[in-house]
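As structure tokens, the structure follows; a few thoughts come after it.
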Amino acid sequence: MTEERGNVINWVAGDAQADRVVPPTGFTASLTLFSAATMAFLAVFALALSLATSRLADRWGEELARSSTLRISAPEGQMTEQTAAALRVLESTPGIASARVLEKEEQRALLEPWFGPDLPVDSLPIPRLIEVIEEGEGYDASGLRLRLSEEVPGAVLDDHTRWRRPLVEAADRLRLLGWLSLALIGGTMGAMITLAANAALAANSQVISVLRLVGARDSYIARAFERRFTLRALIGASGGMVLGCGAVLALPEADPAGGFLTGLGFQGWHWLWPLLVPPVAAVVAFLATRAAATRTLEAMT
């Protein structure tokens, strides 16, 4: 354990002689810092998208799964009787916590986005709506429809299945798109760092040849590149992560009336997720640099 810790400390501290192989400034250093910062900034937003769509899918699934709507269409003289009969059926059905008739004001509020605020609800033959709230494992929709067809001919049960499924599927696909974006961001950063490492290796081919003449091994030279590029990626990604979190904080706060876009951000312990971006960027840079250094040094042999 002590030996491993010492190796890690030595790797972080570096070797002054080996570090001379890697240019401390210049195009490759700027490219590594800029690409790491940019990819980290985008990764924060991809994380926010994935987590927001996950919350959205859960909320839509829970809200729509626990409620149903019973629509009663009947002549004016039979509306009250069929409504009372429907309530009796619902109250005696296992799995239903409550059932209540929506008031005319509530129906007007539901129709207002479509027909405007001046809809004459009292004078139009609008069906009576009953809100049904489930409990426990829920109710048997097929059995309830059979009972309603016999006792309340004008009743139509909508358990929101046709609304819930496409909404949840859409949210799940958006979540998958967010994670796919994270994978693409990581791959792009790895490609950019590989290009930068190859350029640095090619620019210092003469220095590498001299080190080989004095007995330096390729693993010794490769470690210098791995260390420099990994630390640069860690620093750049940390800056990009901070900027990304600041941009997310500047987004509008979650608002039920605003829908999905106002809830695009982190909530609670989800703010810990962006802290993983810099270490992951460092790992990607380490692996990309090792592969590039190993391949290039073998080609120089």
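Is it the case, given these coordinates, that Leu213 is surrounded by fewer than 20 Cβ atoms within 10 Å (Cβ to Cβ), assigned by TED's automatic domain parsing to the domain that holds Leu272, out of contact with any strand residue (DSSP E or B) (no Cβ under 6 Å at 6 or more places or on another chain) and modelled with pLDDT of 85 or more? Judged against the criteria, Leu213 is not a match. Looking at region 143-201, which of the residues that are of a type in the set (D, E, K, R) and touching a strand residue (DSSP E or B) at 6+ places or on another chain (Cβ under 8 Å) is modelled with the lowest pLDDT? Per the criteria, the residue is Asp159. How about region 283-301: which of its residues are surrounded by 17 or more Cβ atoms within 10 Å (Cβ to Cβ) and either of a type outside the set (S, T, N, Q) or closer than 15 Å to Gly190 by Cβ (or both)? Those that are surrounded by 17 or more Cβ atoms within 10 Å (Cβ to Cβ) and either of a type outside the set (S, T, N, Q) or closer than 15 Å to Gly190 by Cβ (or both): Val284, Ala285, Phe286, Ala288, Thr289, Arg290, Ala292, Ala293, Leu297. Among the numbered conditions (1) without any contact (Cβ under 8 Å) to a residue 40 or more places away in the chain; (2) in contact with a Lys or Arg (Cβ under 6 Å, 6 or more places away or on another chain), the only one that Glu226 does not meet is (1). Out of all the residues in region 5-18, is one or more part of a helix (DSSP H, G or I) and either closer than 26 Å to Trp269 by Cα or at pLDDT 80 or above (or both)? There is no residue in region 5-18 that is part of a helix (DSSP H, G or I) and either closer than 26 Å to Trp269 by Cα or at pLDDT 80 or above (or both).
The values are calculated or read from the model by the stated rules, or taken from the named source; none is laboratory data. Note that the structure is a prediction, hence the values are computed from the model and not measured. Every residue, glycine among them, receives a Cβ derived from its backbone with ideal geometry; neighbour counts consider all protein chains shown.
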